[in-house]
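Taking it in order: structure first as structure tokens, then the write-up.
The values are calculated or read from the model by the stated rules, or taken from the named source; none is laboratory data. As the structure is a prediction and not an experimental result, all values here were calculated from the model. Note: ideal-geometry Cβ built from the backbone for every residue, glycine included; neighbour counts use all protein chains shown.
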Amino acid sequence: MCFYCRMRIFLIIIIISLITLTNSFSQNSKAKIAILIDDVGARTSTLTTFFQFNEKITFAVLPFLAKSKECNKIIQNSDYKSILHMPMESKNNKTLNERTKGMIKTGMSKQQIDLLLDSAIVNIGEKVDGFNNHIGSKFTSNAQSMFYLLSLAKQKELFFIDSNTYNRIGEDGVISNPEMAFSYKYARGLGIKTSFNSLFIDNLNTLENVEKVLLSAIDLAKEKGELIIIGHYRKNTANALNNVKNKMLAAGIEFVFVDELLE
Ligand SMILES: [Zn+2]
């Protein structure tokens, strides 16, 4: 056999080995999903259904509700994790803006925001490492307000997850260009640990729909490698998670806490 023929065979063997190696790597590397459950705090009972999940879930506790502190204590004494769900001004929902206790709004001074953030942290009790926004389309898209808030987050060593209520959300819960979240870029610029929501799993509150959206998250997670998805503190959402968990695990999904996906 001539030298070039041997070289050709040698190169083919190297290429085939590389392809096999790459394939086995992509099969072994799991796509990560962090489930964040918003609006916890009105009652403790729904936690029991969520706790049947037995895989990592992060709960976002809304302050000033009847059971905010109690829920947070139960979560922090369990194998699950919690963050603060900070109320922020919405663009369109005037009623919620007026009714929501402890909400930070555009036009507030840094000192006012500081006081409200501290009182929310005190209200939910226990240790707080980070927070995401409850509603907040107006606040999170305002440069001055977010500069104040994120500077405070830096001082208090808190991470921030943008719930992405500002970006356009499709009926299927998918957020177009989630990484374009204004505050996400801002937080990175300020050197604050941050990430963003990519998918709302329960925009339509039926068991069937939440299960469908959760299964659609499998492909999205595989495409992006890792994903934060947001659901709400409802029985349907908890049951849907429990129902599709095994399918998601079998598809190669690894469930992680939100603080494992910070940038
Ligand atoms: Zn919320």
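Data overview
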| quantity | calculated |
| --- | --- |
| Residue count for segment 123-172, restricted to those that are touching a residue at least 40 places away in the same chain (Cβ under 8 Å), charged (D, E, K, R) and within 16 Å of the ligand (Cβ to nearest atom) | 1 |
| Within segment 142-170, tally of residues that are polar (S, T, N, Q) and more than 17 Å from the chain's Cα centre (by Cα) | 5 |
| Looking only at segment 104-137, and only at residues there that are of a type in the set (D, E, K, R) and at pLDDT below 95, the one that is surrounded by the fewest Cβ atoms within 10 Å (Cβ to Cβ) | Lys127 |
| Residue selected from segment 65-122 under the condition of a type in the set (A, V, I, L, M, F, W, C) and more than 29 Å from Glu260 (Cα to Cα), by the criterion farthest from the ligand (Cβ to nearest atom) | Met108 |
| Selection count where residues are out of contact with any Leu (no Cβ under 8 Å at 6 or more places or on another chain), hydrophobic (A, V, I, L, M, F, W, C) and under 12 Å from Gly231 (Cβ atoms), scope segment 186-206 | 2 |
| Pair list, Cβ under 7 Å, 6 or more apart: segment 46-74 residue aliphatic (A, V, I, L, M), other residue within 16 Å of the ligand (Cβ to nearest atom) and part of a loop (DSSP other than H, G, I, E, B) | Val61/Gly41; Leu62/Gly41; Leu65/Gly41; Leu65/Ala42; Ala66/Ala42 |
| All positions within segment 103-122 that are of a type in the set (D, E, K, R) and touching a residue at least 12 places away in the same chain (Cβ under 8 Å) | Lys105, Lys110, Asp114 |
| Identity of the residue in segment 171-218, among the charged types (D, E, K, R) and over 15 Å from the mean Cα position of the chain (by Cα), that ends up surrounded by the fewest Cβ atoms within 10 Å (Cβ to Cβ) | Glu171 |
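Results for (1) at pLDDT below 95; (2) surrounded by fewer than 16 Cβ atoms within 10 Å (Cβ to Cβ); (3) not hydrophobic (A, V, I, L, M, F, W, C), shown as yes or no for each residue.
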position	(1), (2), (3)
Met7	yes, yes, no
Leu18	yes, yes, no
Asp39	no, no, yes
Arg43	no, yes, yes
Thr48	no, yes, yes
Ile57	no, no, no
Ser68	no, no, yes
Asn77	no, yes, yes
